[in-house]
Amino acid sequence: MRFASLGSGSEGNAWLVESKTTRLMVDCGFSVNEVIRRMARLELQAEDLTAILVTHEHSDHMSGVARLAKRFNIPVYASFGTLSFCRDDFPSQLSTELFSDSPVVIGDIQVNPFLVPHDAREPLQFVFDDHRHRLGIVTDVGHVTQHMLASLSHLDALAIESNHDEQMLVQGRYPQHLKARVKGEFGHLSNDQAVSLLQQLNPEQLTNVVAAHLSQHNNKPEIVEELFMAVIKEKKRFAIATQEEGLDWVML
Ligand SMILES: [Zn+2]
Ligand SMILES: [Zn+2]
């Protein structure tokens, strides 16, 4: 299995998870043209996608899903709450409902969805299992729950939201209500929360850790790297998925 990001952050998100026969996109917060352009960097075409999984309905994750799915006839998997937001945007035969803790098999990848605390209707995040490796991708989470920790056990690789530096957020220019939303229990994970999650997951067993969904206003890659490296130790096991460049293929 290998994975990559087409871009990560509040301006748009999309991940790719690929096994021998199956190519999944997770979220699509970019226009069709932008997705095609970004996929070309990874030597892929939109026609190659087996399915699109959607975590939740926020536009940085879903704005491009319906158009991409319709144009290339790609099945879409999401929770009832997420699908209810876009039900009229594409034919119902293209959509499949996901339930928290009910794994689905797509091609040769087993996808384990689990519910997370975030201010969306029914937000899910995913663990991918190709029977050789387990990869977790988790962004847009307000706080770490016991359910999340249990869902993320025995991973080989983890992409985790490291949204903001708490001090930069408090002292920054965001209006008060937005600061409260980001910090809140249904907002986004701070750097400290992300690192604390990592520490609870036996980080020495993770061959690859990716920090994702970094705020462009309330965070700095240098801060994230320093905090993560204190836990991960080896530079070759760590990377940051950025808004513009995303992240090149990571092999598991
Ligand atoms: Zn987001
Ligand atoms: Zn969100």
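The values are calculated or read from the model by the stated rules, or taken from the named source; none is laboratory data. What you see is a predicted model; the values in this text were computed from it and never measured. Glycine also receives a Cβ, built like all others from the backbone with ideal geometry; neighbour counts cover every protein chain displayed. Accessible surface is based on the protein model in full, side chains and every heavy atom, while ligands, DNA and RNA are left aside. Shrake-Rupley method; radii C 1.70, N 1.55, O 1.52, S 1.80 Å.
Let's see how each residue does on (1) closer than 18 Å to W249 by Cβ; (2) crowded, with 22+ Cβ neighbours inside 10 Å; (3) of a type in the set (F, W, Y):
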{"position": "M1", "(1), (2), (3)": "yes, yes, no"}
{"position": "V17", "(1), (2), (3)": "yes, yes, no"}
{"position": "V26", "(1), (2), (3)": "yes, yes, no"}
{"position": "I36", "(1), (2), (3)": "yes, no, no"}
{"position": "Q45", "(1), (2), (3)": "yes, no, no"}
{"position": "A51", "(1), (2), (3)": "no, no, no"}
{"position": "V54", "(1), (2), (3)": "no, yes, no"}
{"position": "H58", "(1), (2), (3)": "no, no, no"}
{"position": "H61", "(1), (2), (3)": "no, yes, no"}
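Scanning the stretch 121-137 for residues that are within 16 Å of ligand 2 (Cβ to nearest atom) and touching a helix residue (DSSP H, G or I) at 6+ places or on another chain (Cβ under 7 Å) yields a total of 2.
Within this structure, A78 passes the test of being of a type outside the set (F, W, Y), touching a Cys at 6+ places or on another chain (Cβ under 9 Å) and under 26 Å from F3 (Cα atoms). Scanning the stretch 58-101 for residues that are part of a loop (DSSP other than H, G, I, E, B), away from ligand 1 (no atom under 16 Å from the Cβ) and not polar (S, T, N, Q) gives I74, P75, F90, P91, F99, D101. Just so you know, in the stretch 180-190 the residues that are within 16 Å of ligand 1 (Cβ to nearest atom) and in a helix (DSSP H, G or I) include one that is most open to solvent (accessible area, probe 1.4 Å), and it is K183. Output yes when any residue across the stretch 202-213 is among the charged types (D, E, K, R) and in contact with a strand residue (DSSP E or B) (Cβ under 8 Å, 6 or more places away or on another chain), and no when none is. Checked the stretch 202-213: no residue is among the charged types (D, E, K, R) and in contact with a strand residue (DSSP E or B) (Cβ under 8 Å, 6 or more places away or on another chain).
When A69 is tested against (1) open to solvent by less than 10 Å² (accessible area, probe 1.4 Å); (2) over 24 Å from V182 (Cα atoms); (3) touching a residue at least 60 places away in the same chain (Cβ under 8 Å), only condition (3) is not met. Considering the stretch 97-119, and only residues there that are touching a residue at least 40 places away in the same chain (Cβ under 8 Å) and more than 15 Å from the chain's Cα centre (by Cα), the residue that is most open to solvent (accessible area, probe 1.4 Å) turns out to be D101.
Do we find that L83 is within 24 Å of K20 (Cα to Cα), modelled with pLDDT of 95 or more and either open to solvent by 20 Å² or more (accessible area, probe 1.4 Å) or out of contact with any Cys (no Cβ under 6 Å at 6 or more places or on another chain) (or both) in this structure? Reasoning before the result, please.
Details: within 24 Å of K20 (Cα to Cα): no; modelled with pLDDT of 95 or more: yes; either open to solvent by 20 Å² or more (accessible area, probe 1.4 Å) or out of contact with any Cys (no Cβ under 6 Å at 6 or more places or on another chain) (or both): yes.
Taking the combined requirement at face value, the residue does not satisfy it.
Could you tell me whether the stretch 49-61 includes any residue that is without any contact (Cβ under 8 Å) to a residue 12 or more places away in the chain and not hydrophobic (A, V, I, L, M, F, W, C)?
The first filter runs over the stretch 49-61 and keeps only residues without any contact (Cβ under 8 Å) to a residue 12 or more places away in the chain, leaving none.
No, that holds for no residue.
In the set V170, V209, V195, only one residue is open to solvent by 50 Å² or more (accessible area, probe 1.4 Å) and either farther than 23 Å from F99 by Cα or touching a helix residue (DSSP H, G or I) at 6+ places or on another chain (Cβ under 7 Å) (or both); that residue is V170.
Residues are listed down the side, and each one gets a yes or a no for (1) without any contact (Cβ under 8 Å) to a residue 60 or more places away in the chain; (2) part of a loop (DSSP other than H, G, I, E, B):
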| site | (1), (2) |
| --- | --- |
| R132 | no, yes |
| I137 | no, no |
| D140 | no, yes |
| V144 | yes, yes |
| A150 | yes, no |
| I160 | yes, no |
| M168 | yes, no |
| L178 | yes, no |
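Using the structure shown, decide if L214 is of a type in the set (A, V, I, L, M, F, W, C), touching a Gly at 6+ places or on another chain (Cβ under 9 Å) and surrounded by 20 or more Cβ atoms within 10 Å (Cβ to Cβ). Considered against the rule, which asks whether it is of a type in the set (A, V, I, L, M, F, W, C), touching a Gly at 6+ places or on another chain (Cβ under 9 Å) and surrounded by 20 or more Cβ atoms within 10 Å (Cβ to Cβ), L214 comes out as yes.
Of all residues in the stretch 38-57, those satisfying the criterion of being of a type outside the set (S, T, N, Q), in a loop (DSSP other than H, G, I, E, B) and either within 16 Å of ligand 2 (Cβ to nearest atom) or more than 23 Å from P113 (Cβ to Cβ) (or both) are L42, E43, L44, V54, H56, E57.
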